[in-house]
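Okay, structure first, notes after.
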Amino acid sequence: MKLPADKTAIVLIEPQNDFLSPGGTMYQFIADQLAKRGVINNLKTLLDSARGKVKIIYVPFQAFKHGFPELKPGGPGTAGLRGIEMEMKADWGTGAWLEGTPGPEIIEPLKPHAGDILVRGKLTLDAFHSTALNYLLRANEIEYVAFTGFHTNWCVESSARSAYDLGYRVIVLKDCTATDTDREQLYAEEVIFPRIGTVMTSKEFLAALS
């Protein structure tokens, strides 16, 4: 597989403290998989190697104010996964993605560099739904979108499905994603992603760039 660099982008979803740093609300659940798969180091190597060749786009989760006043109590925005996250405990307080805490900050090894694109406004699982991601990809004439980030079977999968529906050529870099268990990771890699795109490693991706 050959990938034209000028038509290719890497999308990195939610490389933030709440997921990736000790003390974060969800770190305890993903920590073993992060270590076992070496995901943070894989991502750093990928980004360092790809900068200057392809567009690199960060899509972090948007911070909420304390108490989540943006969401109606008991409303649909507080149901499901979001409701669970609102009750999770971090070293810096209760609730994920709280403004003014370390939770929403991008971890130091994966901080954006000059020339990277930072997309704001992600409030849902799907990185396209409440952001300018689709516009920015189209404006840069991107055809191939390589997804990385967290969690594999939640935000990465939701975003990859949308990219497929929007007409992009979808790639998922399996060694640059992680979720809570082997079972969830492998199901996404082996069952879901091959039906909407191509699954490869970061080394295979870099070798394919032309």
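Order of H129, H66 from fewest to most other C-beta atoms within 10 Å?
Details: H129 15, H66 12.
Ranked by crowding around the Cβ, least crowded first: H66, H129.
Which value in Å does the Kirkwood hydrodynamic radius of the stretch 9-62 take, with 1/r averaged over all unlike C-alpha pairs and then inverted? Provide the component values of the computation, followed by the final result.
On the way: mean 1/r = 0.0827 Å⁻¹.
Value: 12.1 Å, from the Cα pair sum.
If you stretched the chain out fully between D91 and L118, how much longer would it get, using 0.36 nm times the residue separation minus the C-alpha to C-alpha distance?
Numbers: separation 27, 0.36 × 27 = 9.72 nm, distance 2.63 nm.
Gain on extension, D91 to L118, equals 7.1 nm.
Please rank T94, T45, fewest neighbouring Cβ atoms within 10 Å first, as an exposure proxy.
Working: T94 13, T45 16.
The fewest-first ordering by Cβ neighbours comes to T94, T45.
Counting DSSP beta bridges in the chain, what percent are antiparallel, to the nearest 5?
Details: 3 of 30 bridges.
Of all bridge pairs located within the chain, approximately 10 percent are antiparallel.
Filter the cross-link list K2/K174; K2/K55; K65/K174; K72/K111; K53/K122 down to pairs whose alpha-carbon distance in this structure exceeds 28 Å. Show your work: numbers first, answer last.
Values: K2/K174 18 Å; K2/K55 16 Å; K65/K174 33 Å; K72/K111 32 Å; K53/K122 26 Å.
Violating the 28 Å limit, Cα to Cα: K65/K174; K72/K111.
Scan the chain and hand back the longest stretch that contains none of the trypsin sites (Lys or Arg not before Pro) lying in DSSP loops with at most 15 other Cβ atoms within 10 Å. Intermediate values should be presented prior to the final figure.
Working: sites that count: K2, K53, K65, R120.
The longest such stretch corresponds to 121-210.
Which number do you get for Rg(Cα) / (2.2 N^0.38 Å) in the chain?
Working: Rg = 16.3 Å, N = 210, 2.2 N^0.38 = 16.8 Å.
Working it through for the chain, the quotient is 0.97.
So which chymotrypsin sites (Phe, Trp or Tyr not before Pro) in the stretch 1-92 pass both tests, a DSSP loop state and at most 14 other Cβ atoms within 10 Å of the Cβ?
Numbers: sites: F19, Y27, F29, Y58, F61, F64, W92; in loops: W92.
Those that pass, being in a loop and sparsely packed, number zero.
If I model a spin label at N134 and F29 as a point 7 Å from the Cα along the Cα→Cβ vector, what separation in nanometres do I get?
Simple spin-label model gives 2.8 nm for this pair.
List the GluC sites (Glu not before Pro) within the stretch 73-134 that DSSP assigns to loop and that have no more than 12 neighbouring Cβ atoms inside 10 Å.
Passing both the DSSP loop test and the Cβ count: E99.
Note the direction-averaged projected area, equal to a quarter of the hull surface, for the Cα convex hull of the stretch 1-108, in nm². Mind showing how you got there, number by number?
Details: hull surface 34.5 nm².
Average of the hull's projected areas for the stretch 1-108 equals 8.6 nm².
Using all C-alpha to C-alpha distances in the stretch 45-100, build P(r) with 10 Å bins and read off the rounded percent in each one.
Distribution as computed: 20, 39, 17, 22, 3 percent.
In whole angstrom, how far apart do the alpha carbon centroids of the stretch 62-139 and the stretch 150-210 sit?
Measuring centre to centre over Cα atoms gives 21 Å.
Where the only charges are on Cβ atoms (+1 Lys, Arg; -1 Asp, Glu), what is the dipole of the chain about its Cα centre, to the nearest 20 debye?
Working: 22 positive and 25 negative charges, 101 e Å.
For this selection, approximately 480 debye.
Please list, in order along the stretch 93-99, the HN-Hα scalar couplings obtained from phi with the Karplus expression 6.51 cos²θ - 1.76 cosθ + 1.60 (θ = phi - 60°), rounded to whole Hz, x for Gly and Pro.
Values, residue by residue: x, 9, x, 7, 6, 7, 4 Hz.
Rule-based calculations on the coordinates, nothing more; no lab input. Keep in mind that what you see is a predicted model, and the values were worked out from it rather than measured. Because the Cβ atoms are built from the backbone with ideal geometry, glycine has one as well, and the counts that use them run over all protein chains shown.
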